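Heads up, the thing below is written out as structure tokens.
Coordinate-derived values only; no laboratory data. Only a predicted model underlies this, so the values are computations on that prediction, with no experimental measurement involved. Here Cβ is always computed from backbone atoms with ideal geometry, including for glycine, and neighbour counts include all displayed protein chains.
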Amino acid sequence: MANRNNPHGFKARFHTTGGEIRPVQVKLVAANAEIFPGDVLEQADTGEYDIGEAADVIGAVSAEYSAASSGASILAYIDPYIAFSAQCDDGTGTASAQTCVGLNIDFVATAGSGGHSNMEIDESSAADTATLPWKIIGLYQEVGNAFGEFNQLVVVPNNHKMKGGTGTLGV
């Protein structure tokens with residue numbers, strides 16, 4: 001059975017050190033983009049947050065919605081030891097097979113809609129490059145999810161603001 005194409009951004013799944021997953025309040029920049037739960041956020045030099053772009057250092061992952069240009073405070077996951085699941089954007093790259101585990105990967109910063117994030121893993125970007133924002137730790141264990149097109153992976157932040165920036169090389 002083929003995987004379903006249903007992007008949902010990055011969903012917090014578990015804490016890699018056994019701790020609790022706890023979102024915290026973060027302040028958005030005054031001219032923030034529209035933000036959906038599961039969107040990757042970057043942290044500006046001011047300490048405020050906005051929507052992330054591909055290859056950005058991860059600042060947080062949004063836990064709730066915010067309208068554009070609200071400058072609001074929202075809940076977000078800033079802990080660099082939270083594992084997330086996210087869908088791959090297609091089945092053309094290295095991340096569609098078991099051999100992707102341990103590699104680093106980028107994300108596609110697609111605008112959200114319908115109340116949820118449309119951000120996905122950029123499947124064709126899987127490499128050992130230390131500056132890629134996410135590290136693949138496995139296939140998300142869910143009925144109907146298998147390696148191939150639109151598979152869901154479990155990833156942890158690799159290049160994260162709270163970790164001092166540049167992550168580690170993939171294996």
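Remarks
- Residues in segment 1-22 that a label on Ala146 would reach, taking backbone N under 11 Å of a point 7 Å out along Cα→Cβ: 1-3
- Taking every Cα-Cα distance in the chain and sorting them into 10 Å bins from zero, the calculated P(r) comes out as 12, 42, 35, 10, 0 percent.
- Shape metrics for segment 24-77, restricted to C-alpha atoms - Rg then Dmax, Å: 9.4, 25
- Here Leu153, Leu169 are placed in order of increasing Cβ neighbour count within 10 Å, fewest first, which gives Leu169, Leu153.
- Of the GluC sites (Glu not before Pro) found in segment 81-171, the ones in coil according to DSSP and having at most 12 other Cβ atoms within 10 Å of their Cβ are Glu142.
- Sorted by Cβ density within 10 Å, fewest first, the residues Thr110, Thr17, Thr99: Thr17, Thr99, Thr110
- Evaluated with a Cβ-only charge set (Lys, Arg +1; Asp, Glu -1), the chain carries a dipole of roughly 500 debye about its Cα centre, given to the nearest 20.
- Placing unit charges on the Cβ atoms only, positive for Lys and Arg and negative for Asp and Glu, gives segment 24-77 a dipole magnitude near 180 debye about its Cα centre.
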